[in-house]
Structures are given as structure tokens and as C-alpha cells.
Amino acid sequence: MPAIDLEGLGFDRGAHLLVERALAGLAPGSRVEVRGDDPQLSVHLAAWARSRGHRAEGTTVVRGDAGDARWRDARA
């Protein structure tokens, strides 16, 4: 399972961008372990994941398919 270490970076300072990048290109259902020193990491990670259509299990994010699904049946 891929992992990223945010060290002291919190979601209020851009950590979500690194998590988003780690999930980009992964198939729905894939997991990324998120590590960091921010005491609020699991709370912020869960809220961010839910708002983006992913699921958080502790500090593991399971990529959802909401981003892909919104383009399904789209026409140019």
C-alpha cells in the first residue's frame, strides 16, 4: 500500500493537496496510508475524504469513484 508522510503539515496548511496527489491515478478502492505529526490528522483526513467522495479508515484513505462517476455518460 502506498504511503505518504505529511510530517508536521496540517490540512489547514495544504496537506490535502499532497493526499489528493497521492490518490490521483489510483483505481477506486485503492488505499493510501497517510502519516503525520498533526494531532488533528485523523479528524481532518476523515472530513476531507468524505467531502471528496473517498472513505477514511483511521489514517488510511480508500479512494472512491465519485470523481470518475460525475463524468460517466458525459457528452462533449
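The values are calculated or read from the model by the stated rules, or taken from the named source; none is laboratory data. All values derive from a computational prediction rather than experimental measurement. We place every Cβ from the backbone using ideal geometry, glycine too, and count neighbours over all the protein chains shown. The accessibility values were calculated without ligands, DNA or RNA, using every heavy atom of the protein model including side chains. Shrake-Rupley method; radii C 1.70, N 1.55, O 1.52, S 1.80 Å.
Let's see how each residue does on (1) more than 9 Å from the chain's Cα centre (by Cα); (2) in a loop (DSSP other than H, G, I, E, B):
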| position | (1), (2) |
| --- | --- |
| Ile4 | yes, no |
| Glu7 | yes, yes |
| Glu20 | no, no |
| Ala27 | yes, yes |
| Val32 | no, no |
| Asp38 | yes, yes |
| Leu45 | no, no |
| Ala49 | no, no |
| Ala56 | no, no |
Q. Is there a residue being within 19 Å of Pro2 (Cα to Cα), open to solvent by 70 Å² or more (accessible area, probe 1.4 Å), out of contact with any helix residue (DSSP H, G or I) (no Cβ under 7 Å at 6 or more places or on another chain) and at pLDDT below 95 anywhere in the stretch 59-73?
A. yes
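Residue by residue, here is whether (1) at pLDDT 95 or above; (2) charged (D, E, K, R); (3) surrounded by 12 or more Cβ atoms within 10 Å (Cβ to Cβ) holds:
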{"position": "Leu9", "(1), (2), (3)": "yes, no, yes"}
{"position": "Leu17", "(1), (2), (3)": "yes, no, no"}
{"position": "Ala24", "(1), (2), (3)": "no, no, no"}
{"position": "Val34", "(1), (2), (3)": "yes, no, yes"}
